[in-house]
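**Student:** Below is the structure I would like to discuss, written out as structure tokens.
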Amino acid sequence: MKRPLALYIATSLDGYIARENGEIDWLDEAEGEGDSGYSEFYETIDTVLMGNKTYEHTFELADQFPYPDKKCFVFSRSERQPNQHVIFVTGDVPGFIEKLKEQDGSKIWIVGGAEILDVLLKSNLVDEFIITMMPTILGKGIPLFKKDNPELKLSLTGTKRYGQMVQLHYTVKS
């Protein structure tokens, strides 16, 4: 059985994951409960995927790398040397993910961003969508979903409320 590839992300009510400049300060303004399910989800994964912009942004948000206990792959258009936390991947992203899904392990998390998600959606590689709707309308920004994605049929497997936020959990119907 293939390992599931899951998107776990927060979005504004109008579908943006960040302001146009990449800022996510608005996420901190919402009234949630606890960590809004993050710890529970984090225990289900062993691998983290992200694009280079998201990777660079993590160091603006945190003093330390936030996923030191997980295998982490960063997709980059330029060759870079691995470091203690991540392995940089260039080239055939869908092919790399297909091989990763065949390996033994737990769930794989797409941390972000919009560019890597777009590649994975267009390759029909995403198995789960766990999206937390924030009580904010940004009006403009970086959209969660880009244009021209394939049509996917989803099954709602759960909803949870965390204060003013609602988390939706969908799996892709086969």
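The values are calculated or read from the model by the stated rules, or taken from the named source; none is laboratory data. Because the structure is a prediction, the values reported are computed rather than measured. Here the Cβ is made from the backbone with ideal geometry for all residues, glycine too, and neighbour counts use every protein chain on show. These area figures cover heavy atoms from the full protein model, side chains too; ligands, DNA and RNA do not enter into them. Shrake-Rupley method; radii C 1.70, N 1.55, O 1.52, S 1.80 Å.
**Student:** GNM on the chain, C-alpha springs below 10 Å: top fluctuator among Pro94, Pro135, Pro66?
**Tutor:** Evaluated over the chain, the most mobile residue of the options is Pro66.
**Student:** Next question, about the same structure. Give me the distance in nm between label points sitting 7 Å out from Cα along the Cα-to-Cβ direction at Ile137 and Leu61, one decimal.
**Tutor:** Those two pseudo-labels are separated by 2.5 nm.
**Student:** At 1.4 Å probe radius, can you tell me the per residue accessible area of segment 11-57 in Å²?
**Tutor:** 54
**Student:** Count charges around Tyr170 for me, please; just the other residues with Cβ under 11 Å from its Cβ, Lys/Arg as +1, Asp/Glu as -1.
**Tutor:** Within the 11 Å Cβ shell, the charges total 0.
**Student:** Mind checking which aspartates and glutamates have their C-alpha under 12 Å from Lys122, skipping anything on the same chain fewer than 8 residues away?
**Tutor:** Asp148, Glu151
**Student:** Taking K and R as +1 and D and E as -1, what net charge do the other residues with C-beta under 13 Å from the C-beta of Lys99 add up to?
**Tutor:** Around Lys99, the surrounding residues sum to -1.
**Student:** May I pose another question? For the pairs Lys70/Lys140; Lys53/Lys173; Lys71/Lys147; Lys140/Lys173; Lys2/Lys71; Lys99/Lys140, note any where the Cα-Cα span goes beyond 28 Å.
**Tutor:** Checking Cα-Cα distances, Lys70/Lys140; Lys53/Lys173; Lys71/Lys147; Lys140/Lys173; Lys99/Lys140 exceed 28 Å.
**Student:** Okay, moving on. Stretch Arg80-Arg19 to full length: gain in nm at 0.36 nm per residue minus the Cα-Cα span?
**Tutor:** Contour length minus the Cα-Cα distance gives 19.2 nm.
**Student:** Carbon and sulfur together cover what percent of the accessible area of the chain at a 1.4 Å probe radius?
**Tutor:** 49
**Student:** Just want to confirm a number: the relative contact order over segment 39-150, from Cα pairs under 8 angstrom separated by 6+ residues, in percent.
**Tutor:** 28
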